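For reference, the structure discussed in these notes is given below.
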Amino acid sequence: MANFENNMNIIERANKVLTFRKYIREECRKKGLEYPSDDKVAEWVDQCYGWSVEDFMKDYTEKEGIFREPITDFINEVNKISWLKKPTENEIKEFFEKNGNNIGLFCQQRTIAELRPFERDLLLATLKLADFQLVKLWNLFIEESAKYGADSYIYDLCDKADVDFINKNFPNNIKAKITRINTDFNLHGKTLRFIQWHNLNDGKLYAKEDIKGIIIAYWSEIFDRIMGYAFCYQYIRTDELNYEYLEDLVWPICRKYLGYSFDERNGKVKYIKEK
């Protein structure tokens with residue numbers, strides 16, 4: 001086929017394309033299908049798929065090859081996941097139209113939607129914290145729960161304690177990859193602030209970008225620890241500030257769900273609704 005096409009002159013090729021288009025139109029009429037457009041026929045020809053009308057119509061009707069829609073792969077990826085409540089195809093399409101092929105964001109939104117109201121409200125309020133605060137919350141969870149290894153700890157290169165630890169404990173070949181300690185660092189061509197060192201596993205350095213995504217992914221476990229061992233999560237301590245996580249964020253949401261409000265001026269609790 002390639003040698004034959006190479007030997008065709010412009011007129012011969014044009015006639016071949018016109019004939020090919022004619023046969024495709026006839027097949028579409030027979031099957032009651034809309035003609036796919038001259039641009040698509042030209043794309044098929046340009047990509048050297050051949051001149052088989054049967055092959056063309058097969059791809060066209062089955063949405064394969066150049067007719068494969070990006071949403072098809074997205075739907076397949078979503079359907080591979082074990083959902084508590086499987087999203088409908090309309091929900092998947094709605095998301096795709098707004099956000100494109102962002103499977104991570106889709107999973108995050110679905111995870112949040114499946115939470116119970118109190119657990120969801122506490123997560124959404126927590127996600128309003130800055131990334132450096134969320135990193136401290138994550139590290140509190142890693143240390144307090146002891147559910148995961150020390151290499152799950154996330155280091156903040158703008159945090160003095162973390163920088164001191166890196167300088168004292170990281171091997172030189174790992175520190176050499178951190179080009180600007182205490183400001184940012186460059187790894188695989190990206191300049192970022194947060195890293196993990198998998199010293200218990202492969203010994204490699206990993207950039208951590210989506211801090212909110214990490215909190216969402218592990219929220220059910222983090223929530224259990226906050227509810228069970230609240231005092232351990234009283235403060236989120238950083239170089240920049242010591243945030244009173246329980247007092248300023250958790251307890252107000254708890255009071256709301258219990259039906260109470262708190263007046264800080266006179267220290268009075270007010271019952272605001274019937275159970």
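I'd like to check something: does region 114-124 contain any residue that is closer than 21 Å to Tyr206 by Cα and either without any contact (Cβ under 8 Å) to a residue 60 or more places away in the chain or not in a helix (DSSP H, G or I) (or both)?
No - not one qualifying residue is present in region 114-124.
For Lys212, which of the numbered conditions (1) modelled with pLDDT under 85; (2) in a helix (DSSP H, G or I); (3) surrounded by 12 or more Cβ atoms within 10 Å (Cβ to Cβ) fails to hold?
All conditions pass for Lys212, except number (1).
Modelled with pLDDT of 75 or more and surrounded by 13 or more Cβ atoms within 10 Å (Cβ to Cβ): is that true of Pro87 in this structure?
Spelling it out, Pro87 is indeed modelled with pLDDT of 75 or more and surrounded by 13 or more Cβ atoms within 10 Å (Cβ to Cβ).
Does Ile222 satisfy the condition of being under 16 Å from Trp138 (Cα atoms), in contact with a Leu (Cβ under 8 Å, 6 or more places away or on another chain), assigned to a helix (DSSP H, G or I) and modelled with pLDDT of 85 or more?
Yes: the conditions hold for Ile222.
So Ile215 passes all but one of these: (1) farther than 16 Å from Lys136 by Cβ; (2) touching a helix residue (DSSP H, G or I) at 6+ places or on another chain (Cβ under 6 Å). Which condition number does it fail?
The failed condition is (1).
Is it the case that region 144-157 has a residue that's surrounded by 14 or more Cβ atoms within 10 Å (Cβ to Cβ), over 24 Å from Phe223 (Cα atoms) and touching an Asp or Glu at 6+ places or on another chain (Cβ under 9 Å)?
Checking region 144-157: at least one residue is surrounded by 14 or more Cβ atoms within 10 Å (Cβ to Cβ), over 24 Å from Phe223 (Cα atoms) and touching an Asp or Glu at 6+ places or on another chain (Cβ under 9 Å).
Any idea which of Leu134, Leu140 is farther than 15 Å from Lys208 by Cα, crowded, with 19+ Cβ neighbours inside 10 Å and of a type outside the set (Asp, Glu)?
Leu140
The values are calculated or read from the model by the stated rules, or taken from the named source; none is laboratory data. In this text, all values refer to a predicted model and were calculated from it rather than measured experimentally. With ideal geometry, Cβ positions are generated from the backbone for all residues, glycine too; neighbour counts draw on all protein chains shown.
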